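What follows is one structure encoded as structure tokens, with my remarks underneath.
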Amino acid sequence: MKNRTVYLSGKVTGLSKWWIVLKFGFWRNLFRWLGYEVIDPTQRVPKYLTYEQAMDMCLNILLPKARYIYLMPGWNKSKGAKRELKKAIKRRMIIINRY
């Protein structure tokens, strides 16, 4: 069976906690409903990590587990999401909603 795992990528830094929970939760639930396994970094990255430690975990541990990357609306305002996209392109992942 093919890998049907999608990694959620979007702006986190500078947003309120309730908005992050709402935004990531919406897309997580939608992709699960569509039959995907979902990697939501907001649920997997420990809050005590520094920004660079969190990005290292996302780029080198979480992202490589997925076949797809979903770029949430507003991803282009996020330095981290841009780094994730760059890594996804390098890994030849399937990119959903790039524009």
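Observations on the structure shown:
- Each of the peptides 22-35, 58-71 was scored by the mean count of other Cβ atoms within 10 Å over its residues; in descending order, highest first, they stand as 58-71, 22-35.
- Helix content alone sets the calculated 222 nm mean residue ellipticity of the chain: runs of n ≥ 4 DSSP H residues at -39500 (n - 2.57) each, divided across all residues, give -12000 deg cm²/dmol.
- Counting only residues at least eight positions apart within a chain, or on another chain, the lysines with an alpha carbon under 28 Å from that of LYS90 are LYS2, LYS11, LYS23, LYS47, LYS65, LYS77, LYS79, LYS82.
- Contact order for the chain, expressed relative to its length and based on alpha carbon pairs under 8 Å spaced 6+ residues apart, stands at 38 percent.
Taken together, the values in this text are just the output of simple stated rules run on the coordinates, not laboratory data. This is a predicted model, so every value here is computed, not measured. Cβ coordinates were reconstructed from backbone atoms using ideal geometry, including for glycine residues, and neighbour counts include every protein chain displayed.
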